[in-house]
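The values are calculated or read from the model by the stated rules, or taken from the named source; none is laboratory data. Since the model is a prediction, treat every value here as computed from it, not as a measurement. We place every Cβ from the backbone using ideal geometry, glycine too, and count neighbours over all the protein chains shown.
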Amino acid sequence: MKRYALIAGTAVLGLSALTACGGGNDTPAAPQNSTSQSGSGQSAGAKLATADVASFGKVVVDGTGRTLYVFDKDAAGPSKSNCDGKCAAMWPPVMAGDAAPQLDGVDASLVGTVARTDGSKQVTLAGLPLYQFAKDTKVGDAKGQAFGEVWWVVGADGKKVTTQASDSGNSGY
C-alpha cells in the first residue's frame, strides 16, 4: 500500500511539473535575474556569450556560462513572452537590467528586449525571449533541450537548435 501511495504521489508531482511548463499565463512570479547589481543601484546589463555545449556546437550562454533556451510558444514578431508564473519558476527569464548587454560572440543586431507582463524587461535574441532552465546546475548542462518538444537551446544565430545531444542524458527532469 505504501508503494502504491508513493507511485501515485510521484505521478501527480510529475504531471504538476509538466503542466507548469506548458506556458500558461499564470500569475507572474518574480523572475530570477541573470544580471548583477552595480554600485550605482542600477542593475548591470545581461551578459551573453557563445560556448560549445554538448554536441550542439556554438550556443548562447549567459554570463555564468549557463545554456540559454527559446520557447516555441513565444512570438518573435512582435516579441512576446508566454512563460509566466510556474513556467517562469522552471524557466527563469534572462532579464535585461538597466545597462546595455555585454556581448561576446553574439551579434548585437540580434539582441533586444521585450516587456514581460510584470513590466520588467527580458532579453531577446532574433526577437525570441531567452530563458535559463532551473535544472541546469553547471556550465555545459543542456538538460532542457527538447523539453516537452517546445524548449530549445538557442544557437549564436538566434535560431533554435533542434538536435538532441547524444551524451546529455536528457529526461527533462
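Points worth noting:
- Where a residue in region 111-133 is at positive phi and its partner, wherever it lies, is small (Gly, Ala, Ser) and in a loop (DSSP other than H, G, I, E, B), with Cβ under 8 Å and at least six apart: 126/158; 127/77; 127/158
- Matching residues in region 121-135 - criterion: being of a type in the set (Gly, Ala, Ser) and surrounded by 18 or more Cβ atoms within 10 Å (Cβ to Cβ): 126
- Checked against the criterion of being in contact with a helix residue (DSSP H, G or I) (Cβ under 6 Å, 6 or more places away or on another chain) and basic (Lys, Arg), the candidates 160, 86 yield just one match: 86.
- Set 108, 96, 100: member being crowded, with 21+ Cβ neighbours inside 10 Å and of a type in the set (Gly, Ala, Ser): 96
- For first residues located in region 77-93 and at positive phi, partners that are of a type in the set (Ser, Thr, Tyr) and outside any helix (DSSP H, G or I) and lie 6+ apart or on another chain with Cβ distances below 9 Å form the pairs 85/27.
- Residue in region 94-107 that is at pLDDT 95 or above, out of contact with any strand residue (DSSP E or B) (no Cβ under 8 Å at 6 or more places or on another chain) and not acidic (Asp, Glu) present: no
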